[in-house]
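The structure appears right after this line, and notes come after that.
The values are calculated or read from the model by the stated rules, or taken from the named source; none is laboratory data. As the structure is a computational prediction, the values presented were derived from the model and not from experiment. Cβ placement follows ideal geometry from the backbone for every residue including glycine, while neighbour counts extend to all protein chains displayed. Surface accessibility is based on the protein's heavy atoms, side chains included, excluding ligands, DNA and RNA. Shrake-Rupley method; radii C 1.70, N 1.55, O 1.52, S 1.80 Å.
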Amino acid sequence: MLFQSLLRVIFTIVQLSAIHCLQAPCESITTRVEWRELTDDQKNNYLNAIICLKQTASVLKVGSPSLYNDFVYVHAFGARRMHNTAQFLPWHRAYLGIFEKKLREQCEYIDPLPYWDWNVDSQYPEISPVWDWIGGNGNFTTGCIVGGSRSNIFQDFQADFPKPHCVTRRWSASGKNKTGSLGSLYSAVILERYLSIDNYNGFRIALESIPHNLFHQAIGGDMANPITAVNDPVFFLHHSNIDRLWWKWQKRNPMVANTYSGSLVSGGIDNGANLNNSMRFYGLDDDYLVKDVLDTTENSLLYLCYDYSNSVTSTVEPSVVSSNSFEQITMKLQTRVSQKLIDFDEVETTKVNGPATSPDEIDILDMNNLDGSPLPESVLNLYNVETPEETDRQDLINIRYPSSLQASHLRLWGYSSHQIQVILQSQNDTRKFVEFINSLPLQLPSSLGHIVASEISGWRSKSDLEVFGDDNLQSALNNAMTQVSGRFNLTI
């Protein structure tokens, strides 16, 4: 606490940047890409650029040993101001813009800024190819990062804040210390529930509270604490994905894309947020206003001249669209949902997986994939299987329960007792939603949560057609979820 107080005083003294609208038009638009879309040379260039930041002199002049550590200091000092508040998304967007700015201007990085779409890896995140390059779990004894199979550049990576130490990772499922498993993260089909929220504050709360925080908890070590999280370079891949999800929500909801609301106080209930709120960066760069960063294609001063790629899918994955239109997909899915609700009424149960399916019901349900192809027998046999737990790695059909956030982790990130209770209830409702999705005889594409042997199949960029198909399927599932939520009193 003494160190934090001293740091606050120092930053207040050295703060010279003015608070004013800072914008400049973009000359061209770049595309931020998923990690797997970078070439091997580009991946090495990105990793070396981060090392360059570690070797570049600090601009803060307050004892930080490097420019990279400046990012750690600034995030640590501003932790309470921009976590669990309305500023969470715009502050981190500007922060990523400054990060890109320093990479390019100080370290001559010329390749795309990457994100890690952990939604794709949500069912088995330990085997993501990302770890091959940035190192995997920490040493069981010390927690220090162990080198990856393709690069050991971050092995025993050193941090200086709040005191010198090796950067640690302690992978854990549901906050259980050093399990060696990352459990299960939030797949795209579950995140659809959040993308359908039609107001900024509701979306921000949902995205930050659970999917964002769960990733930090799962990685553990330095990432588990908002004061030290930036010590681990995986932070930037994670937050680029969080920014991508906000960008995607903005594209999905154009009428409210540039709106901003909520409390400026962690855990507060006031609505003091407005577009002229300042976002402080304590000398790392200029301070910016929220309205400076709402559009990712209109501010070259912050390198906000970008959009995002379509992400990736398995190389063995066919398009889910095929010959089926959105209307056909919706019709089939709604038929299955309606029959499932009839099942519930007949047995008078609230168990989401429902009763065993009779031959007559199979005819009604039209047991085909949404693209019209027959469902494999393995899927039919698993129609009534129990939803797999977060650490299960045998079930290759059903979506796993997402790992659970722990109250102790949420308290560390500034959540009140009431907020924690709301989050825990939302997690329970998500489990019910997952059970319902698994009760439908349906194979999801890997990009929406279906598990694949990625180390064998490999990955490729998604086409626009596949994005169209995924979006349609997610919309249909969301419509089904809305119908089911009303029946079972589920909340977002």
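Here are the numbers:
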{"quantity": "Matching residues in region 108-143 - criterion: being assigned to a helix (DSSP H, G or I) and surrounded by fewer than 20 Cβ atoms within 10 Å (Cβ to Cβ)", "calculated": "E126, I127, D132"}
{"quantity": "Failed item, numbered, when Y282 is tested on (1) in contact with a Leu (Cβ under 8 Å, 6 or more places away or on another chain); (2) within 30 Å of L185 (Cβ to Cβ)", "calculated": "(2)"}
{"quantity": "Check on E27, acidic (D, E) and under 23 Å from the mean Cα position of the chain (by Cα)", "calculated": "no"}
{"quantity": "From Y288, Y282, residue being touching a Cys at 6+ places or on another chain (Cβ under 9 Å), crowded, with 19+ Cβ neighbours inside 10 Å, in contact (Cβ under 8 Å) with a residue 12 or more places away in the chain and among the hydroxyl-bearing types (S, T, Y)", "calculated": "Y288"}
{"quantity": "Members of region 30-86 found to be more than 17 Å from S151 (Cβ to Cβ), of a type in the set (A, V, I, L, M) and over 24 Å from the mean Cα position of the chain (by Cα), listed by number", "calculated": "A57, V59, L60, V62, L67"}
{"quantity": "Helices (runs of 4 or more DSSP H) contained in region 197-265 and holding at least 2 residues over 19 Å from S311 (Cα atoms) and open to solvent by 10 Å² or more (accessible area, probe 1.4 Å)", "calculated": "200-207"}
{"quantity": "All positions within region 394-416 that are of a type in the set (A, V, I, L, M, F, W, C) and either more than 16 Å from G221 (Cα to Cα) or in a helix (DSSP H, G or I) (or both)", "calculated": "L396, I397, I399, A407, L410, L412"}
{"quantity": "Odd one out for R487, checked against (1) within 16 Å of L191 (Cβ to Cβ); (2) among the basic types (K, R); (3) at pLDDT below 80", "calculated": "(1)"}
{"quantity": "Given (1) modelled with pLDDT under 95; (2) within 30 Å of L410 (Cα to Cα), number of the condition N69 does not satisfy", "calculated": "(1)"}
{"quantity": "Hits in region 260-289 - residues which are of a type in the set (A, V, I, L, M, F, W, C) and either closer than 30 Å to G63 by Cβ or out of contact with any strand residue (DSSP E or B) (no Cβ under 8 Å at 6 or more places or on another chain) (or both)", "calculated": "L264, V265, I269, A273, M279, F281, L284, L289"}
{"quantity": "Failed item, numbered, when N199 is tested on (1) within 18 Å of the chain's Cα centre (by Cα); (2) under 30 Å from I269 (Cβ atoms); (3) of a type outside the set (A, V, I, L, M, F, W, C)", "calculated": "(1)"}
{"quantity": "Residues satisfying the stated conditions in region 144-163, i.e. in contact (Cβ under 8 Å) with a residue 40 or more places away in the chain and assigned to a loop (DSSP other than H, G, I, E, B)", "calculated": "R150, S151, I153, F154, F157, D160, F161, P162"}
{"quantity": "Only listed residue being surrounded by fewer than 16 Cβ atoms within 10 Å (Cβ to Cβ) and in contact with a Leu (Cβ under 8 Å, 6 or more places away or on another chain), chosen from A49, A76, A57", "calculated": "A57"}
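Residue by residue, here is whether (1) charged (D, E, K, R); (2) at positive phi; (3) modelled with pLDDT of 95 or more holds:
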{"residue": "T141", "(1), (2), (3)": "no, no, no"}
{"residue": "C144", "(1), (2), (3)": "no, no, yes"}
{"residue": "F157", "(1), (2), (3)": "no, no, no"}
{"residue": "R169", "(1), (2), (3)": "yes, no, yes"}
{"residue": "G175", "(1), (2), (3)": "no, yes, no"}
{"residue": "S181", "(1), (2), (3)": "no, no, no"}
{"residue": "S184", "(1), (2), (3)": "no, no, no"}
